[in-house]
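The values are calculated or read from the model by the stated rules, or taken from the named source; none is laboratory data. It should be emphasised that the depicted structure is a prediction, and the values quoted were computed from it without experimental measurement. Cβ atoms come from the backbone with ideal geometry, glycine included; neighbour counts cover every protein chain shown. In case anyone asks, the SASA skips ligands and DNA or RNA and just uses the protein heavy atoms, side chains included. Shrake-Rupley method; radii C 1.70, N 1.55, O 1.52, S 1.80 Å.
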Amino acid sequence: QVQLVESGGGLVQSGGSLSLSCAASASIFSYWNVAWYRQAPGKQRDLVARITSAGSTNVADSVKGRFTISRDNAKKTVYLQMSSLKVEDTAVYYCQADFGALNYWGQGTQVTVSS
């Protein structure tokens, strides 16, 4: 069983920045691919950004140029640096990790962007 604990969410004004963290309990964390998803009320859960075990990254077009995903394998943590936040970025942000057939989700952290 792998536990993923997100932190760093909160309330921020439009144009502001936040940094989310996802701390994992997985052994050999470096083998895992990790992603951030978000889900706004009444909407589906969408991929925001993903980082592979090799360090390759991809981000959704809606956040490209504003969000950056990174990882620190020694700390078993993945980060999502968010800047130039918009009201439409408001959502619960979830961390997801996968390794082969194994797939785990965190409980989520709320990000609210006010106008």
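Kindly indicate the residue of region 44-61 that is without any contact (Cβ under 8 Å) to a residue 12 or more places away in the chain and loosely packed, with under 15 Cβ neighbours inside 10 Å and also nearest to the chain's Cα centre (by Cα) among those meeting that condition.
Checking each candidate, the answer is ASN58.
Residues in region 67-86 that are more than 14 Å from TYR37 (Cα to Cα) and either touching a Leu at 6+ places or on another chain (Cβ under 6 Å) or open to solvent by 30 Å² or more (accessible area, probe 1.4 Å) (or both): SER70, ARG71, ASP72, ASN73, ALA74, LYS75, LYS76, SER83, SER84, LYS86. Hey, can you tell me all the residues within region 15-31 that are of a type in the set (S, T, N, Q) and in a helix (DSSP H, G or I)? Result: SER30, single match. Among the candidates VAL12, VAL34, the residue that is in contact (Cβ under 8 Å) with a residue 40 or more places away in the chain, over 23 Å from LYS75 (Cβ atoms), in a strand (DSSP E or B) and open to solvent by less than 30 Å² (accessible area, probe 1.4 Å) is uniquely VAL12. Touching an Asp or Glu at 6+ places or on another chain (Cβ under 6 Å) and not acidic (Asp, Glu) - does that describe any residue in region 75-96? Checked against the condition, which is being touching an Asp or Glu at 6+ places or on another chain (Cβ under 6 Å) and not acidic (Asp, Glu), region 75-96 yields at least one hit. Does LYS75 satisfy the criteria of being assigned to a loop (DSSP other than H, G, I, E, B), closer than 15 Å to GLU6 by Cβ and among the basic types (Lys, Arg)? It is true that LYS75 is assigned to a loop (DSSP other than H, G, I, E, B), closer than 15 Å to GLU6 by Cβ and among the basic types (Lys, Arg). Screening the candidates THR90, THR112 for the property of being touching a Pro at 6+ places or on another chain (Cβ under 9 Å) and touching a residue at least 12 places away in the same chain (Cβ under 8 Å) yields one hit, THR90.
Please go through region 15-31 and give me each residue that is farther than 20 Å from MET82 by Cβ and either open to solvent by 30 Å² or more (accessible area, probe 1.4 Å) or of a type in the set (Asp, Glu) (or both), ordered by number.
Scanning region 15-31 gives SER25, SER27, ILE28, SER30, TYR31.
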